[in-house]
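The values are calculated or read from the model by the stated rules, or taken from the named source; none is laboratory data. All values derive from a computational prediction rather than experimental measurement. Reconstructed Cβ throughout: ideal geometry from the backbone, glycine too, with neighbour counts over all protein chains shown. The accessibility values were calculated without ligands, DNA or RNA, using every heavy atom of the protein model including side chains. Shrake-Rupley method; radii C 1.70, N 1.55, O 1.52, S 1.80 Å.
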Amino acid sequence: MLDSFLVRAALAGLGVAVAAAPLGCFVVWRRMAYFGDATAHASILGVALALSFNMSVFAGVLVVALVMATTVSTLSGRGYAMDTLLGVMAHSAIAFGLVAVSFLDGVRIDLMAYLFGDILAVGRVDLAVIWGGALLVLALVGWRWQQLLLSTVSPDLAQASGIDPKREQLILTIALAVVVAVAIKVVGVLLIAALLIIPAAAARPLAHTPERMAAIAAAIGAVSALGGLQLAYRFDTPAGPTMVCVAAGLFGLSSLVSLSRV
Amino acid sequence: MSPLVTFENVSVRYGAQRVLDAVNLSIQPGEIVTIVGPNGSGKSSLLRALIGALTPSSGQITRAPDLRIGYVPQKLHIEPTLPMTVTRFLSLPVKVATHAAAEALAQAGVPELGPRQMSNLSGGQFQRVLLARALLHKPQLLLLDEATQGLDQLGSAAFYRHIEQVREKLGCAVLMISHELHVVMSASDRVICLNGHVCCEGKPDVVASAPEYRALFGTGTGGALALYRHDHDHVHGDGCNHDHPHEAAE
């Protein structure tokens, strides 16, 4: 069954969509929308490092994304607003990344493949990495769900209940770094943030509790991944962007639902 | 009985600014203690240091082992992007049974709010829900940071009556910050007058007649208007014997 590149692509898309959904909800709730972008941009630097040190791209991206995540977590709340910090990190990381790529003599890397992903080229090993990462993230978020949620509602309420909100934020940013690293092959650097935010945003008008919102976001993400893949196959369009287009369409539909309620 | 919380010479800084300066206090089980003080006197910082959200730059905060704290913050904004029913909110961070949540809301006087979204509540409803949540796990120490903000006079009087009933029922200590001096003076066992340092403390009538308190709040209830004025060259009465480094001239 895994012999078909389409089946592998579908499974890869599903894995990323399901892991991105609950994280995307936190990104939306905590107004960290820029975080996905920043981690994603930084991962270009990870690609360059991976190629120059002969590491796997996944490992390179993961390392850079983790460094970014911990830097931002440490510096936030010390006189820098989160968006400023992320802006500094995102833009400098992509600049350093592009400069680093230019040093790579002889290696012709297809930057486009990393910017937009190449889900149809997903192999068995990639699939294992994607699902391994996705399950890890789901387990992490599931384990810390209540603590993460209360820290999101109010860091002080969390603190009074004996929860360290800084630690929860670090767990969340680590989970985000993992998702970005596994998703780079599927949708590419430029569209990872879209897979995080759009399904969560589309799920908001349809949900009354945080758990429901995460579940609906996962369903919307899965439909976007599978539907996008099918459309891309039929119309010969790039797969990653097509998946995001489907998600955007679903967001449009759900906002019609919320408009019709008022 | 050993105290629930003890502050020993606790100082807290925001950068170069010192918001708490060598604060000593302790809270005994079951007592109602109120902190009064002008704006910027470090009242909220004191509560936040107590829950561990602020780390003292010097001094020691000792909490009783496994101390259960119920905390009602000054204000809390829940993003409308976060769908959260009142019932769900009560299950943070520990899941509670549906009937326990319903009972807590009924006791807080808002039995009908369960299915409502947190972001759609009025100020008064929100405070009651926060209190209901804080009481769910039978706290030994209840912290209220201007919990009646946004309530009208009747509402806040009812709120404080409720607090007294809660204390009688649960036997918990209450540490609260309030601007409503007349309420505070009648409802507290002990009053701590704070202005960076502890100016004076004691039974409400003792504190009310203390010169430090008068220096902060003037005399009588009209004195509440004097909230923003505070002179550091106040004279200390007999009940207070702490030192100000800059009052050698007195």
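Before moving on, here are some points about what is shown:
- What a 1.4 Å probe finds exposed on the protein assembly as shown is 60% carbon and sulfur by accessible area, rounded to a whole percent.
- Taking 19 Å as the straight-line reach from the Cα of residue A:185, none of the lysines fall in range once those fewer than 8 positions away in the same chain are excluded.
- For chain B, the longest principal axis of the alpha carbon atoms and the long axis of helix B:98-107 meet at an angle near 50°.
- Here's how it looks for residue B:176: its modeled amide H is under 5 Å from those of B:33, B:34, B:35, B:144, which are all 5 or more places away or on a different chain.
- Close amide H partners of residue B:148, meaning residues 5 or more places away or on another chain with modelled amide H under 5 Å apart, do not exist here.
- Percentage relative contact order, the stretch A:5-190, counting C-alpha pairs under 8 Å, at least six apart: 38 percent
- The separation of the stretch A:1-34 from the stretch A:53-71, counted between C-alpha centres, amounts to 19 Å.
- Per-residue ³J(HN,Hα) for the stretch B:112-127, Karplus 6.51 cos²θ - 1.76 cosθ + 1.60, θ = phi - 60°, Hz, x for Gly and Pro: 8, 7, x, x, 6, 7, 4, 6, 9, 7, 6, x, x, 4, 4, 4
- Per residue, the convex hull spanned by the Cα atoms of the stretch B:78-137 measures out at 73 cubic angstrom.
- Between residue A:248 and residue B:99, the modelled labels are 5.3 nm apart [label points 7 Å from Cα along Cα→Cβ].
- Label point distance in nm, residue B:209-residue A:52, each placed 7 Å from Cα along Cα→Cβ: 7.8 nm
- The Cα atoms of chain B cover 63, 39, 37 Å along the three principal axes, with the biggest extent listed first.
- Size descriptor, Kirkwood hydrodynamic radius, that averages inverse alpha-carbon separations across the protein assembly as shown, Å: 25.7 Å
- Partner chain coverage, peptide B:85-98 - average Cβ within 10 angstrom: 4
- Coupling constants for the stretch A:198-215 follow from the phi torsions by the Karplus curve (6.51 cos²θ - 1.76 cosθ + 1.60, θ = phi - 60°), and in residue order they are 4, x, 5, 5, 5, 7, 3, x, 9, 10, 10, 10, x, 5, 4, 4, 5, 5 Hz; glycine and proline get x.
- Taking packing as the residue-averaged number of other Cβ atoms within 10 angstrom, the listed peptides A:159-172, A:11-24 run from highest to lowest as A:11-24, A:159-172.
- Most tightly packed first, judged by the mean number of other beta-carbon atoms within 10 Å of their residues, the peptides A:98-104, B:1-7 read B:1-7, A:98-104.
- Counting only other chain Cβ atoms within 10 Å of each residue's Cβ, the peptide B:47-57 averages 3.
- At 1.306 mPa s and 10 °C, Stokes diffusion of the stretch B:1-110 via Kirkwood alpha-carbon radius, µm² per second: 96 µm²/s
- Shielding by partners, peptide B:69-82 (average Cβ within 10 angstrom, other chains): 4
- Listed values for the stretch A:246-253 are Karplus-derived 3J(HN,Hα) couplings in whole Hz (6.51 cos²θ - 1.76 cosθ + 1.60, θ = phi - 60°), namely 4, 4, 4, x, 5, 4, x, 4, and x replaces Gly and Pro.
- Note that the stretch B:117-198 presents 37 Å² accessible area per residue, ligands and nucleic acids not counted, probe 1.4 Å.
- Percentage of interatomic Cα-Cα distances in chain A larger than 32 Å: 20 percent
- From the Kirkwood radius over Cα pairs of the stretch A:146-190, Stokes-Einstein at 25 °C and 0.890 mPa s returns a whole-number translational diffusion coefficient of 212 µm²/s.
- Ordering of A:67-74, B:85-92 by burial proxy (mean other Cβ atoms within 10 Å per residue, highest first): B:85-92, A:67-74
- Whole-Å semi-axes of the ellipsoid equivalent to the stretch A:57-177 (Cα gyration tensor, √5λ, descending): 32, 21, 9
- For chain B, the relative contact order comes to 23 percent (Cα pairs under 8 Å, sequence separation of at least 6).
- Cα pair count fraction exceeding 11 Å, expressed as % - the stretch A:196-241: 64 percent
- In the stretch A:1-106, the inverse of the mean reciprocal separation of distinct Cα atoms equals 15.3 Å; this is its Kirkwood hydrodynamic radius.
- Check: chain B dipole with +1 on Lys, Arg Cβ and -1 on Asp, Glu Cβ, in debye: 1080 debye
- For a modelled paramagnetic label at residue B:169, 7 Å from Cα along Cα-to-Cβ, the residues of the stretch B:96-122 in reach, with backbone nitrogen under 19 Å, are B:96-114.
- Taking 20 °C and 1.002 mPa s as conditions, the stretch A:101-166 diffuses translationally at an estimated 137 µm²/s according to Stokes-Einstein applied to its Kirkwood radius (Cα pairs).
- Rg and Dmax [Cα atoms of the stretch A:181-262; Å; Rg one decimal, Dmax integer]: 13.0, 41
- Inter-site label distance for residue B:75 and residue A:124 at 7 Å from Cα along Cβ, in nm: 6.0 nm
- Relative contact order (%) - the stretch B:152-209, alpha-carbon pairs under 8 angstrom, separation at least six: 22 percent
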